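Student: Handing you this structure, nothing more for now.
Any read-out appearing in this document is the output of simple, stated calculations on the displayed coordinates, not a laboratory observation. Since this is a predicted model, take the numbers as computed values, not measurements. Cβ sites come from the backbone with ideal geometry, for glycine too, and all protein chains shown count toward neighbours.
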Amino acid sequence: MIHQLTETRAKKWLELTEKTFTFATYARTAFIRANNMGKAGLELKKEILLALGKTPMIKDGKLYIEPNAWFVPIKNNYPALEAEYQGLEPTETPINKTQQRLQPLFVHAGSRGGIRTHDQLVNSQLRYRCATRE
């Protein structure tokens, strides 16, 4: 019985997660496409906006929505999260001596299934170009 309750709870969490990711992925596109849907489009926009917050209010031509409680941690923690993922981005540095020594080790799978190092690939291409010029 406990196992069945746990399994049911897990299925509900999975469904909720899938719906959340689907919403996050497609809400913006659906909101934009709703412009061409008339009254149904307005209802769709309202549904999307109310999924993000509550108490919609128009003031000075701008729409204001009180964000749902689950947005607060995202808003408060975003700067730290952004700094963390920015630290994972590769830096644009020129090739150094270590990279130059390792470059011949890079391999290429040939069209016939053979594997060649970078140097072998370059040399074979040079031989081909020289042979075709004659």
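Student: Using the basic label-point model (7 angstrom from Cα toward the beta carbon), what is the E15 to I2 distance in nanometres?
Tutor: Label-label distance for E15 and I2, simple model: 2.5 nm.
Student: For region 2-71, give the magnitude of the charge dipole about the Cα centre (Cβ charges: +1 Lys/Arg, -1 Asp/Glu; no others), in debye to the nearest 20.
Tutor: 160 debye
Student: Here's another thing I want to ask about it. Would you pull out the residues with amide H under 5 Å of G53's amide H, same chain only if 5 or more places away, H placed 1.01 Å from N?
Tutor: N68
Student: Based on the Kirkwood radius over alpha-carbon pairs, what value in µm²/s does the Stokes-Einstein equation return for the translational diffusion coefficient of region 2-71 at 10 °C and 1.306 mPa s?
Tutor: Calculated translational D: 111 µm²/s.
Student: Here is a follow-up. In straight Cα distance, which lysines are under 25 Å from K59, not counting same-chain residues fewer than 8 positions off?
Tutor: Those lysines meeting the cut-off are K39, K45, K46, K75.
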